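All remarks here apply to the structure that follows.
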Amino acid sequence: MGGPGAKLVATNVVVEYWLARSEMLFTAVEGVDLEIADGEFVAIVGPSGCGKTTFLNAVDGLIPIADGSLTLDGREISSPGRDRAMVFQQPGLLPWRTVLGNVMFGVEAQGTMTKSEALERAKQQIELVGLRGFEDAYPLELSGGMQQRVNLARALLTDPEMLLLDEPFAALDAQTRELMQLELLKIWNKSRKTALFITHDIKEAIYLADRVIVFTKRPGRVKCEIRVDIPRPRSLRVKRDPKFVAYEDQIWESIEEELTVKPERLLAGMPG
(Lines give C-alpha, C1' and ligand atoms only; values in the text may rest on other atoms or scores of the structure.)
Protein backbone atom coordinates (compact mmCIF):
# COMPACT_ATOMS: atom_id res chain seq x y z
CA MET A 1 0.00 0.00 0.00
CA GLY A 2 1.17 3.53 -0.71
CA GLY A 3 1.85 6.08 1.95
CA PRO A 4 -0.24 9.24 2.52
CA GLY A 5 -0.37 11.41 -0.60
CA ALA A 6 0.88 8.64 -2.90
CA LYS A 7 -0.44 8.99 -6.44
CA LEU A 8 1.31 6.12 -8.20
CA VAL A 9 2.40 3.01 -6.31
CA ALA A 10 4.47 0.24 -7.89
CA THR A 11 5.03 -2.83 -5.72
CA ASN A 12 7.38 -5.59 -6.89
CA VAL A 13 6.44 -4.90 -10.52
CA VAL A 14 7.65 -7.41 -13.09
CA VAL A 15 7.25 -6.95 -16.86
CA GLU A 16 8.04 -9.81 -19.23
CA TYR A 17 7.98 -10.39 -22.98
CA TRP A 18 7.69 -13.64 -24.90
CA LEU A 19 10.22 -13.64 -27.74
CA ALA A 20 8.57 -15.86 -30.33
CA ARG A 21 11.57 -16.28 -32.66
CA SER A 22 13.89 -17.48 -29.89
CA GLU A 23 11.06 -19.02 -27.82
CA MET A 24 12.34 -17.32 -24.68
CA LEU A 25 10.71 -15.39 -21.86
CA PHE A 26 12.45 -12.03 -21.61
CA THR A 27 12.31 -10.09 -18.32
CA ALA A 28 12.55 -6.34 -18.94
CA VAL A 29 11.61 -5.06 -15.47
CA GLU A 30 11.97 -7.00 -12.24
CA GLY A 31 10.87 -6.19 -8.72
CA VAL A 32 10.35 -2.43 -9.09
CA ASP A 33 9.11 -0.69 -5.96
CA LEU A 34 8.32 2.98 -6.43
CA GLU A 35 5.95 5.62 -5.08
CA ILE A 36 5.22 9.00 -6.65
CA ALA A 37 3.39 11.63 -4.63
CA ASP A 38 0.56 13.79 -5.91
CA GLY A 39 2.03 16.74 -7.81
CA GLU A 40 5.58 15.33 -7.80
CA PHE A 41 7.89 15.38 -10.83
CA VAL A 42 9.98 12.19 -11.01
CA ALA A 43 12.56 11.28 -13.65
CA ILE A 44 13.95 7.82 -14.40
CA VAL A 45 17.44 7.36 -15.85
CA GLY A 46 19.61 4.30 -16.41
CA PRO A 47 21.64 2.37 -18.99
CA SER A 48 20.19 1.92 -22.49
CA GLY A 49 17.79 -1.00 -22.60
CA CYS A 50 17.26 -1.05 -18.83
CA GLY A 51 13.44 -1.05 -19.03
CA LYS A 52 12.71 2.63 -18.38
CA THR A 53 10.28 3.00 -21.28
CA THR A 54 8.86 -0.47 -20.64
CA PHE A 55 7.97 0.58 -17.09
CA LEU A 56 6.41 3.82 -18.39
CA ASN A 57 4.32 1.84 -20.90
CA ALA A 58 3.12 -0.38 -18.05
CA VAL A 59 2.09 2.72 -16.07
CA ASP A 60 0.16 3.90 -19.13
CA GLY A 61 -1.53 0.49 -19.34
CA LEU A 62 -0.13 -0.23 -22.81
CA ILE A 63 1.51 -3.47 -21.65
CA PRO A 64 0.47 -5.77 -18.78
CA ILE A 65 2.63 -6.53 -15.78
CA ALA A 66 3.50 -10.16 -15.10
CA ASP A 67 3.67 -9.83 -11.31
CA GLY A 68 3.33 -7.28 -8.54
CA SER A 69 0.94 -4.37 -8.25
CA LEU A 70 0.67 -1.04 -10.08
CA THR A 71 -1.96 1.44 -8.90
CA LEU A 72 -2.95 5.03 -9.58
CA ASP A 73 -5.05 6.70 -6.89
CA GLY A 74 -5.52 3.25 -5.36
CA ARG A 75 -6.96 1.75 -8.56
CA GLU A 76 -5.16 -1.10 -10.29
CA ILE A 77 -3.81 -0.17 -13.73
CA SER A 78 -4.88 -2.74 -16.31
CA SER A 79 -5.37 -0.68 -19.48
CA PRO A 80 -4.94 2.87 -20.81
CA GLY A 81 -7.25 5.42 -19.21
CA ARG A 82 -8.28 9.05 -19.24
CA ASP A 83 -6.45 9.59 -15.95
CA ARG A 84 -3.09 9.32 -17.80
CA ALA A 85 -1.69 11.12 -20.83
CA MET A 86 1.47 10.12 -22.70
CA VAL A 87 3.86 12.51 -24.44
CA PHE A 88 6.05 10.51 -26.83
CA GLN A 89 9.45 11.35 -28.32
CA GLN A 90 7.83 12.02 -31.71
CA PRO A 91 4.93 14.52 -31.64
CA GLY A 92 2.70 12.33 -33.85
CA LEU A 93 0.65 15.28 -35.07
CA LEU A 94 -1.95 14.85 -37.79
CA PRO A 95 -0.56 16.77 -40.79
CA TRP A 96 -3.99 17.71 -42.14
CA ARG A 97 -5.03 19.32 -38.86
CA THR A 98 -4.03 22.76 -37.63
CA VAL A 99 -2.40 23.37 -34.25
CA LEU A 100 -5.86 23.98 -32.78
CA GLY A 101 -7.25 20.85 -34.43
CA ASN A 102 -4.39 18.69 -33.17
CA VAL A 103 -4.71 19.98 -29.61
CA MET A 104 -8.45 19.25 -29.64
CA PHE A 105 -8.07 15.77 -31.12
CA GLY A 106 -7.72 13.90 -27.82
CA VAL A 107 -10.82 15.33 -26.16
CA GLU A 108 -12.79 14.94 -29.39
CA ALA A 109 -11.92 11.24 -29.40
CA GLN A 110 -12.82 10.90 -25.72
CA GLY A 111 -16.08 12.85 -26.08
CA THR A 112 -15.61 14.37 -22.62
CA MET A 113 -16.32 18.01 -23.57
CA THR A 114 -18.74 19.96 -25.70
CA LYS A 115 -17.21 21.47 -28.83
CA SER A 116 -17.41 25.00 -27.46
CA GLU A 117 -15.79 23.97 -24.16
CA ALA A 118 -13.03 22.06 -25.95
CA LEU A 119 -12.37 25.03 -28.23
CA GLU A 120 -12.09 27.47 -25.34
CA ARG A 121 -9.84 25.22 -23.26
CA ALA A 122 -7.68 24.30 -26.26
CA LYS A 123 -6.96 27.98 -26.85
CA GLN A 124 -5.98 28.30 -23.17
CA GLN A 125 -3.55 25.37 -23.48
CA ILE A 126 -2.08 26.77 -26.69
CA GLU A 127 -1.38 30.02 -24.87
CA LEU A 128 0.07 28.10 -21.92
CA VAL A 129 2.64 26.36 -24.14
CA GLY A 130 3.57 29.62 -25.85
CA LEU A 131 1.93 29.10 -29.25
CA ARG A 132 -0.62 31.90 -29.26
CA GLY A 133 -0.93 33.17 -32.82
CA PHE A 134 -0.15 29.75 -34.33
CA GLU A 135 -3.62 28.23 -33.87
CA ASP A 136 -4.20 27.98 -37.64
CA ALA A 137 -0.69 26.76 -38.55
CA TYR A 138 -0.11 23.21 -39.80
CA PRO A 139 2.57 20.85 -38.39
CA LEU A 140 4.85 21.23 -41.45
CA GLU A 141 4.94 24.97 -40.77
CA LEU A 142 6.29 24.44 -37.24
CA SER A 143 9.76 23.74 -35.89
CA GLY A 144 10.42 20.52 -33.97
CA GLY A 145 10.20 22.33 -30.65
CA MET A 146 6.89 23.94 -31.60
CA GLN A 147 5.48 20.58 -32.67
CA GLN A 148 6.40 19.13 -29.29
CA ARG A 149 4.63 22.04 -27.59
CA VAL A 150 1.50 21.08 -29.51
CA ASN A 151 1.97 17.49 -28.35
CA LEU A 152 2.22 18.68 -24.74
CA ALA A 153 -0.83 20.95 -25.06
CA ARG A 154 -2.86 18.04 -26.49
CA ALA A 155 -1.94 15.89 -23.48
CA LEU A 156 -2.70 18.63 -20.94
CA LEU A 157 -6.10 19.39 -22.49
CA THR A 158 -7.36 15.95 -21.47
CA ASP A 159 -6.69 17.04 -17.86
CA PRO A 160 -4.99 13.78 -16.79
CA GLU A 161 -4.19 12.84 -13.22
CA MET A 162 -0.70 11.89 -14.37
CA LEU A 163 1.52 13.06 -17.21
CA LEU A 164 3.85 10.44 -18.73
CA LEU A 165 6.76 11.71 -20.83
CA ASP A 166 8.95 9.35 -22.84
CA GLU A 167 12.10 11.26 -23.84
CA PRO A 168 10.00 14.04 -25.39
CA PHE A 169 13.00 16.25 -26.24
CA ALA A 170 15.45 13.58 -27.45
CA ALA A 171 14.96 14.39 -31.14
CA LEU A 172 15.56 18.13 -30.72
CA ASP A 173 18.83 19.99 -31.20
CA ALA A 174 20.75 20.87 -28.03
CA GLN A 175 19.69 24.53 -27.86
CA THR A 176 16.01 23.83 -28.50
CA ARG A 177 16.12 20.97 -26.00
CA GLU A 178 17.30 23.29 -23.22
CA LEU A 179 14.66 25.87 -24.07
CA MET A 180 11.96 23.18 -24.04
CA GLN A 181 13.13 22.01 -20.61
CA LEU A 182 12.68 25.56 -19.35
CA GLU A 183 9.25 25.81 -20.96
CA LEU A 184 8.16 22.46 -19.55
CA LEU A 185 9.02 23.62 -16.03
CA LYS A 186 7.03 26.83 -16.53
CA ILE A 187 4.03 24.80 -17.69
CA TRP A 188 4.43 22.25 -14.89
CA ASN A 189 4.71 25.01 -12.27
CA LYS A 190 1.27 26.21 -13.38
CA SER A 191 -0.45 22.84 -13.79
CA ARG A 192 1.36 20.87 -11.04
CA LYS A 193 0.41 17.60 -12.70
CA THR A 194 2.05 14.49 -11.30
CA ALA A 195 4.75 13.70 -13.87
CA LEU A 196 6.92 10.69 -14.71
CA PHE A 197 9.71 11.57 -17.15
CA ILE A 198 12.00 9.11 -18.95
CA THR A 199 15.35 10.37 -20.23
CA HIS A 200 18.94 9.37 -21.01
CA ASP A 201 20.10 12.90 -20.21
CA ILE A 202 21.26 13.13 -16.57
CA LYS A 203 21.35 16.95 -16.58
CA GLU A 204 17.81 17.03 -17.95
CA ALA A 205 16.60 14.70 -15.20
CA ILE A 206 18.18 16.76 -12.41
CA TYR A 207 16.97 20.06 -13.83
CA LEU A 208 13.35 18.95 -14.17
CA ALA A 209 12.71 16.55 -11.32
CA ASP A 210 12.04 16.51 -7.61
CA ARG A 211 13.56 13.02 -7.53
CA VAL A 212 15.73 11.08 -9.95
CA ILE A 213 15.33 7.29 -9.96
CA VAL A 214 18.27 5.26 -11.28
CA PHE A 215 17.48 1.88 -12.84
CA THR A 216 19.96 -0.98 -12.98
CA LYS A 217 20.84 -2.57 -16.31
CA ARG A 218 18.34 -5.12 -17.63
CA PRO A 219 16.27 -6.40 -16.02
CA GLY A 220 15.49 -2.97 -14.66
CA ARG A 221 15.29 -2.53 -10.91
CA VAL A 222 15.43 0.59 -8.76
CA LYS A 223 19.10 0.95 -7.87
CA CYS A 224 18.84 4.24 -5.98
CA GLU A 225 16.95 7.49 -5.84
CA ILE A 226 18.31 11.00 -5.47
CA ARG A 227 16.16 13.78 -4.08
CA VAL A 228 17.02 17.01 -5.90
CA ASP A 229 17.27 19.70 -3.25
CA ILE A 230 17.36 22.68 -5.61
CA PRO A 231 14.73 25.43 -5.09
CA ARG A 232 12.08 26.11 -7.70
CA PRO A 233 11.60 27.95 -9.99
CA ARG A 234 14.86 26.90 -11.68
CA SER A 235 16.65 28.83 -14.39
CA LEU A 236 18.99 27.14 -16.86
CA ARG A 237 21.91 28.77 -15.01
CA VAL A 238 21.36 26.34 -12.14
CA LYS A 239 23.07 23.66 -14.25
CA ARG A 240 26.39 25.40 -13.45
CA ASP A 241 25.78 25.34 -9.70
CA PRO A 242 28.24 23.13 -7.73
CA LYS A 243 25.32 21.33 -6.06
CA PHE A 244 23.87 20.50 -9.48
CA VAL A 245 27.24 19.20 -10.69
CA ALA A 246 27.54 17.05 -7.54
CA TYR A 247 24.16 15.45 -8.29
CA GLU A 248 25.30 14.81 -11.86
CA ASP A 249 28.48 13.10 -10.66
CA GLN A 250 26.55 10.98 -8.16
CA ILE A 251 24.03 9.76 -10.76
CA TRP A 252 26.64 9.15 -13.44
CA GLU A 253 28.78 7.09 -11.02
CA SER A 254 25.71 4.99 -10.20
CA ILE A 255 25.00 4.33 -13.89
CA GLU A 256 28.67 3.77 -14.66
CA GLU A 257 28.73 0.94 -12.10
CA GLU A 258 26.04 -0.78 -14.16
CA LEU A 259 28.01 -0.36 -17.38
CA THR A 260 31.34 -1.53 -16.03
CA VAL A 261 32.13 -5.25 -16.02
CA LYS A 262 34.20 -5.93 -12.93
CA PRO A 263 37.35 -8.11 -13.37
CA GLU A 264 36.12 -10.68 -10.86
CA ARG A 265 32.94 -11.16 -12.89
CA LEU A 266 35.01 -11.76 -16.01
CA LEU A 267 37.11 -14.33 -14.17
CA ALA A 268 34.00 -16.01 -12.81
CA GLY A 269 32.80 -16.56 -16.37
CA MET A 270 36.05 -18.13 -17.59
CA PRO A 271 36.42 -21.91 -17.82
CA GLY A 272 38.29 -23.47 -14.90
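In segment 59-99, the residue that is nearest to the chain's Cα centre (by Cα) out of those that are surrounded by fewer than 20 Cβ atoms within 10 Å (Cβ to Cβ), closer than 22 Å to Pro219 by Cβ and aliphatic (A, V, I, L, M) is Leu62.
Is it true that some residue in segment 190-199 is part of a helix (DSSP H, G or I) and either under 20 Å from the mean Cα position of the chain (by Cα) or exposed (fewer than 14 other Cβ atoms within 10 Å of the Cβ) (or both)? Explain how you work it out, then say what you get.
Filtering segment 190-199 for residues part of a helix (DSSP H, G or I) gives 190-191.
Subsequent filtering for residues that are either under 20 Å from the mean Cα position of the chain (by Cα) or exposed (fewer than 14 other Cβ atoms within 10 Å of the Cβ) (or both) retains 190-191.
Yes - at least one qualifying residue is present in segment 190-199.
You will find that of Lys217, Lys203, Lys193, the residue that is closer than 27 Å to Asn57 by Cβ, basic (Lys, Arg) and free of Cβ contacts under 8 Å to residues at least 60 places away in the same chain is Lys203 and no other. Filtering Pro47, Pro64 for residues that are at negative phi, touching a Lys or Arg at 6+ places or on another chain (Cβ under 8 Å), part of a loop (DSSP other than H, G, I, E, B) and not assigned by TED's automatic domain parsing to the domain that holds Phe134 leaves a single hit, Pro47. If you check Gly106, Gly133 for being touching a Ser or Thr at 6+ places or on another chain (Cβ under 8 Å) and either within 30 Å of Thr260 (Cα to Cα) or not assigned by TED's automatic domain parsing to the domain that holds Asn189 (or both), only one passes: Gly106. Within the option set Ala58, Ala20, Ala28, Ala66, being in contact with a Cys (Cβ under 9 Å, 6 or more places away or on another chain), farther than 21 Å from Asp210 by Cα and either modelled with pLDDT of 95 or more or not aromatic (Phe, Trp, Tyr) (or both) holds for one residue only, Ala28. Here Ala170 clears all of (1) part of a helix (DSSP H, G or I); (2) surrounded by fewer than 21 Cβ atoms within 10 Å (Cβ to Cβ) except the condition numbered (1). Is there a residue being over 20 Å from the mean Cα position of the chain (by Cα), part of a helix (DSSP H, G or I) and more than 22 Å from Arg82 (Cβ to Cβ) anywhere in segment 108-128? Yes, some residue in segment 108-128 is over 20 Å from the mean Cα position of the chain (by Cα), part of a helix (DSSP H, G or I) and more than 22 Å from Arg82 (Cβ to Cβ).
The values are calculated or read from the model by the stated rules, or taken from the named source; none is laboratory data. Quick caveat: nothing in here was measured; it's all calculated off a predicted structure. A quick note on method: Cβ atoms are made from the backbone with ideal geometry, for glycine too, and the neighbour counts reach across all protein chains shown.
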